[in-house]
Amino acid sequence: MATYTDPPTESFRLSQLIYDTRYRSMTIQVVAFILVMLALVILARNVVINLGALGKDFDFGFLFNRAGYDINQRLIEYSNDSTHGRAALVGILNTLLVAFLGCIMATILGVFAGVLRLSNNWLVAKLMSVYVEGFRNIPLLLWIIVIFAIMTESTPQPRDFRGEDAEASMLLFDSVAITNRGIFIPAPVWGDGTLLVVAVFLASLVGIWAFRRYARKRQEATGDILPVFWVSLGLFIIPTLAVYLAFSAAIARDQYPLVAVGAEQGMTLEDYVAENRNPAICALPSTAGVNLSSALRGLDQRADILRVGSAAELQASVASGDCIIAAMPPDMVDEFTGAVDGVEVATLADTVDRGRPLQFERPQLAGFNFEGGVQLRNSLIALWFALSLYTGAFIAEIVRAGILSVSRGQTEASYALGLRPNRTMNLVILPQALRVIIPPLISQYLNLTKNSSLAIAVGYMDVRSTLGGITINQTGRELEGMLLLGLFYLLTSLIISGVMNIYNNSVKLKER
Amino acid sequence: MKKSVFLGTLAVAGLAAGFASAQTLAEVQERGALNCGVTTGLTGFAAPDANGEWAGFDVAICRAVAAAVLGDPMAVEFVPTTGQTRFTALASGEIDVLARNTTWTFSRDVDLSFEFVGVNYYDGQGFMVPRDLGVSSAMELDGATVCIQTGTTTELNLADFFASNNMSYEPVPIETNAEAQQQYLAGACDVYTTDASGLAATRATFEDPSAHVVLPEIISKEPLGPLVRHGDNEWGDIVRWTLNGLISAEELGITSANVMELAAGTENPEINRMLGTEGELGAMLGLESDWLVNVISSVGNYGEIFEGNIGENTPIGLARGLNAQWTDGGLLYSPPFR
């Protein structure tokens, strides 16, 4: 007997939204969504009303106004005449610089500490435990300030380097100065032949890549292991160095004449600078300028080096009086005899070396401070070290967890095959551990980047200090500034995690 | 349920914030304490003393306003602010008045929507260097490293000064005066720059103040004064006339010692009006008639405040200079109480 039931004929009733399990969850979600949106609208309205009451409008025009303040560390051209937008950009680059350096160093520290914490050597393992627990459990801000204080209080002032029996002296053949204002290191200056050297260097990088490929193929085919590391190292250094030395030997001793504004023909450099103290100089190539400046230093003069890129620029600088001594290739001197655009010039009796393809400009004590070279400011170093050490401690734990997640049997199997411990680690354990390590590592990179906003504690001019600090203070645009700042950190974080996710996809277990 | 409570709270908070701007006086009286923004610590101007009590030249302004409004100079909640946080604190209503050696400038007055009620100290930006650096003029500072408090007008003045004299410098931005002091003493910067009064106050706390010199150049005008939010003129009037009262009291010879005696009535009608024995000046401000008596008996007149905190007999050792009464060749000039 067949039973037959009528299909439900009743239509949809409103009460079903609550009593019918098919619709209930949807109803709850819609209501919750409306409430959340309502809350946001009220908050936004509240902000608008309160800003209105304070007489403030919402306007990003301030980004195009003159900033008026100076920034010490700038990776791009910036002066107090630049705009607030440019100041923000300088800050952004400083943030990215410290975040980039920090991520690299934190990774290196973290991987070492994580691996060593599992070491069978009791002392090493315990030392790493002390590092990890010490840095992980004390607030980052404290570490930043402690490192900064140590650097300013325990290192000498620039003026301690002065005098016959100075209290402090420079390191590494007078090329590095560690002061309480930062570490001054030599700056590279490119001369003639740089292009060739760089081309050879790039070619040797390609060579290294090709050799490694060949070595892997060969190992897979025959089992022979080539000394990849030593060959790579040799390829990395030897060809570039050989070309550099050959080129230096060929041209470095070439003598380039000096042309000076308002000099008499055949005057010596010494006589000329006796009248024109601390001259501004310019040179082609730049290395000749470095040589000229050290010649001037021998005469107790401080040179102001103006960088020029081409013969036309050099000529314009001399004509405008921006530099009064110019070093140049002998064949260019003809254009400078007599007068340049009405400015009287003459060739001096002295000449300078043309210079090597790459030279280093040493920092020198001048006036209040060291000049020349590159200054790694204390604020950058303190922030960089503190961020790296702090985040490195977390990464160490992630690495340790990753290694422990690989079954002990893998190690034993690899030992049984005769692999030595460091090959076991590099070829068997770490590749498997990476799958566990990468995802939490991404969030550590994000943490490090965001934590760099503590920079203001040591006066590092990151984006929080320029856009989010001085600019907001001078213009009073808190809301706009903070929104931009939030947007910047959001975008940066999304980009970092995007890139890291691509890497993660390449190392994670491939399932087919 | 929870959500509706949350929303309700939000709505109430929104309404409260909307109304808050117009009735600071009532709010302060209801709270029973004045929220006053001061520096995080600048000896002589605002710093906690050995007993943890705030004391100083700016603190006295806060205490004077509290005495005028609440009759009790101790009814003040001090909110330490940095150069960066002070304006936000005032704009958001966290503090009722900001007395933190803040320079009166056009953009702060107009664009940031604050009301400067007067000038309690005429200052200017100066430079301090260690004596053994051998520098005697700011014009010799080419290439120097300069410590500077970030988020202040000094930052802009400094940039202008060096640019207009065609000199270069390296700024070291510092958040608070205490940190700047540490950096300067460690030699991380050659020069410390801020308002000359601040330099004198900072130098007074050094182990050996005579080892440091304040250079003669004053590179800016820095009229420092207390400020309030736009939009509540009654409250602005109270703070303004409290400050004017302190200045007038010195001019008319009213001191904390004789104010009670004078409050009984004098021959001078202006003193009588100020101290409430004649006229209704207090009531016009919405205060008690003896408001200025409370103020002067608790903190003294302007001259007493100056001498007690930053004057020549204190470690700070500032001369009156521009901050003398107009009758003594200074710039202090209070409008009449009439």
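What to note about this one:
- Shielding of peptide A:151-159 by partners, expressed as the average count of other chain Cβ atoms within 10 Å per residue Cβ, is 4.
- Adding -39500 (n - 2.57) for every DSSP H run of four residues or longer, then dividing by how many residues the protein assembly as shown holds, sets the calculated 222 nm ellipticity at -15500 deg cm²/dmol.
- Cβ-placed point charges (K, R +1; D, E -1), dipole of chain A about Cα centre in debye, nearest 20: 3360
- Unit charges at the beta carbon, dipole of chain A: most positive-side option, A:433, A:94, A:393: A:433
- Restriction of the trypsin sites (Lys or Arg not before Pro) in the stretch A:251-339 to DSSP coil positions whose beta-carbon has at most 12 other beta-carbons within 10 angstrom yields A:253, A:277, A:307.
- Shown here for the stretch A:155-257: GluC sites (Glu not before Pro) in loop regions (DSSP other than H, G, I, E, B) with at most 16 other Cβ atoms within 10 Å, namely A:164, A:167.
- Cβ-derived FRET efficiency at R0 41 Å, residue A:374 paired with residue A:242, nearest 0.05: 0.95
- Segments B:308-314, A:104-110 sorted - mean Cβ within 10 Å per residue, highest first: A:104-110, B:308-314
- Total accessible surface hidden between A and B, rounded to 100 Å², 1.4 Å probe: 3600
- Spatial separation of Cα centroids for the stretch A:382-397 and the stretch A:302-331, in angstrom: 46
- In this structure, residue A:51 and residue B:313 have a Cβ-Cβ separation that, at R0 = 41 Å, corresponds to a calculated FRET efficiency of about 0.30.
- Helix A:84-117 vs. chain A, principal-axis angle (Cα, 0 to 90°, nearest 10): 70
- Of all DSSP-defined beta bridges confined to chain B, some 50% are antiparallel rather than parallel.
- Comparing the full protein assembly with the isolated chain (1.4 Å probe, heavy atoms, ligands and nucleic acids excluded), the residues of the stretch B:99-124 losing at least 30 square angstrom of accessible area are B:111, B:112, B:113.
- Placing a label point 7 Å from the Cα of residue A:506 along the Cα-to-Cβ direction, the residues of the stretch A:412-451 whose backbone N falls under 20 Å from that point are A:426-446.
- Where GluC sites (Glu not before Pro) fall in DSSP loop in the stretch A:263-343, at most 16 other Cβ within 10 Å: A:264
- Principal-axis analysis of the Cα atoms of chain B puts helix B:2-20 at an angle of about 90° to the longest axis.
- Aspartates and glutamates whose Cα lies under 17 Å from that of residue A:217, excluding same-chain neighbours fewer than 8 positions away: none
- Compared with the dominant Cα axis of chain A, that is its longest principal axis, helix A:378-404 is turned about 40°.
- Under the convention that each Lys and Arg Cβ holds +1 and each Asp and Glu Cβ holds -1, the size of the dipole of the stretch B:125-220 around its Cα centre is about 140 debye.
- Label point 7 Å beyond Cα of residue B:327 along Cβ direction - residues of the stretch B:246-278 with amide nitrogen under 12 Å: B:248-254, B:271
- Whether the protein assembly as shown is rounded, prolate or oblate, judged on the alpha carbon gyration tensor where a/c under 1.5 counts as rounded: oblate
- Candidate aspartates and glutamates - alpha carbon under 13 Å from residue A:450, same-chain residues fewer than 8 apart omitted: A:462
- Taking every DSSP beta bridge that has both ends in the protein assembly as shown, the antiparallel portion is near 65%.
- The spacing between the stretch B:90-104 and the stretch A:30-53, judged by their C-alpha centroids, is 29 Å.
- Taking Cβ separations below 4.7 Å as the criterion for a possible disulfide partner, the isolated cysteines in chain A are A:103.
- Nonlocal amide H pairs with residue A:406, under 5 Å, H built at 1.01 Å: none
- Remark: spin-label model distance residue A:233-residue A:190 equals 3.0 nm, labels positioned 7 Å along the Cα→Cβ axis.
- Averaged over B:179-190, number of beta-carbon atoms from partner chains that fall within 10 Å: 6
- The order of the peptides B:171-181, A:379-389 by mean Cβ neighbours within 10 Å, most packed first, is A:379-389, B:171-181.
- The stretch A:255-355 shape via C-alpha gyration tensor axes, a/c threshold 1.5: rounded
- When the solvent-accessible area of chain B is split by element, carbon and sulfur atoms take up 54 percent of it, the probe being 1.4 Å.
- Given +1 at the Cβ of Lys and Arg, -1 at the Cβ of Asp and Glu and no other charges, the dipole of chain B around its Cα centre is 780 debye to the nearest 20.
- Listing of the stretch A:444-474 residues, each with accessible area lower by at least 40 Å² in the full protein assembly than in the chain alone (probe 1.4 Å): A:456, A:470, A:473, A:474
- Label-zone membership for the stretch A:176-194, site residue A:322, 7 angstrom Cα→C-beta point, backbone N under 20 Å: A:189-191
- Protein heavy-atom accessible surface, 1.4 Å probe, per residue over the stretch A:255-355: 44 Å².
- The label-point distance for residue A:175 and residue B:137, in a model that sets each label 7 Å from Cα toward Cβ, rounds to 4.1 nm.
- For the stretch A:190-251, the residue among A:208, A:241, A:225 whose Cα projects farthest onto the positive side of the dipole built from Cβ charges is A:225.
- Only protein atoms count toward the accessible area here, which uses a 1.4 Å probe; on the stretch A:13-148, the carbon and sulfur part of that area reaches 72 percent.
The values are calculated or read from the model by the stated rules, or taken from the named source; none is laboratory data. Worth saying up front: this structure is predicted, and the values here are computed from it rather than measured. Cβ: placed from backbone, ideal geometry, glycine included. Neighbour counts: every protein chain shown. Surface areas here come from the heavy atoms of the whole protein model, side chains and all, with no ligands, DNA or RNA. Shrake-Rupley method; radii C 1.70, N 1.55, O 1.52, S 1.80 Å.
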